[in-house]
1. Identify, please: which residue in the range 97-121 is small (G, A, S) and surrounded by fewer than 21 Cβ atoms within 10 Å (Cβ to Cβ) and is, among those, nearest to F84 (Cα to Cα)?
2. Can you find a residue in the range 96-109 that is modelled with pLDDT under 85 and either outside any helix (DSSP H, G or I) or hydrophobic (A, V, I, L, M, F, W, C) (or both)?
3. Can you run down the residue pairs with Cβ atoms below 8 Å, 6 or more apart or on separate chains, where the first is in the range 57-80 and under 15 Å from Q143 (Cβ atoms) and the partner is exposed (fewer than 10 other Cβ atoms within 10 Å of the Cβ)?
4. Count, please, the residues in the range 150-169 that happen to be surrounded by 15 or more Cβ atoms within 10 Å (Cβ to Cβ) and either at pLDDT below 90 or within 30 Å of I102 (Cα to Cα) (or both).
5. Considering each residue of the range 173-195, count those that are farther than 15 Å from K48 by Cα and within 10 Å of the chain's Cα centre (by Cα), and give that number.
6. Where residues in the range 22-59 are out of contact with any Asp or Glu (no Cβ under 8 Å at 6 or more places or on another chain) and at pLDDT below 90, which of them is surrounded by the most Cβ atoms within 10 Å (Cβ to Cβ)?
7. Tally up the residues in the range 61-79 that are outside any strand (DSSP E or B) and surrounded by fewer than 10 Cβ atoms within 10 Å (Cβ to Cβ), please.
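The values are calculated or read from the model by the stated rules, or taken from the named source; none is laboratory data. For clarity, every value in this text was computed on a predicted model and none was experimentally measured. In this analysis, Cβ positions are derived from the backbone assuming ideal geometry, glycine residues included, and neighbour counts consider all displayed protein chains.
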Amino acid sequence: MGDDTVRNFGVVIAICGALFIFGGTTFAVWTLDLEMKSDFGDSEVKYKFGATEAEYDGKYSGDSESETFEYEDDDCNCDDLADFFSNLKLMIYALIGCGIAIAYFGNSGDVENLPAVAGLTAVLSLVILAYTFTALPEAWEEQTEMFEAYDEEPGFFKNAESDDDGGDRQLKAMPGIGFFLPVVSLTLGGLLVKPEWMD
């Protein structure tokens, strides 16, 4: 594998981590969409969860409102989300460090430690994906008990409907763009574990 390729892989891994941290809700890791139809009117609420803040958009019988709130704000009362994203950001910063180290190896031509750092990058990316998949819905549920309202277990992927006296409700939960950034670093790190195949 050429040194330029190694350097470029490292740069891409670092950029993916930076986009995750600093990309706001454009690179949201998770999205929630709630719809309700009743005799009193229709409503739709959307949440996008970025690394440091969440975006809320609501539509109520023709009226709309939007708001962005940071997890660390006292007014947010988002302790569980703040703890989750604090842990997640530490792992992402470590991932950025791995990307910088890989780029350095490619730039210097000293690739002796490349497989070890690449392996760490891949494992760290996998841990980030697993942690987000399992812990983020639980953190949100601790704050809101939203899944319980639909008689559902918290889940990263969800398409749940309920029909009661209050009307028809639908809850959709799915990954955002940010969730797939660690997939990129996982792939590139995995390719670099045994770089000789690209020689």
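1. The qualifying residue nearest to F84 (Cα to Cα) is G97.
2. Within the range 96-109, one or more residues are modelled with pLDDT under 85 and either outside any helix (DSSP H, G or I) or hydrophobic (A, V, I, L, M, F, W, C) (or both).
3. F69/D75
4. Residues meeting the conditions: 6.
5. 2
6. So the residue we want is G41.
7. So the answer is 4.
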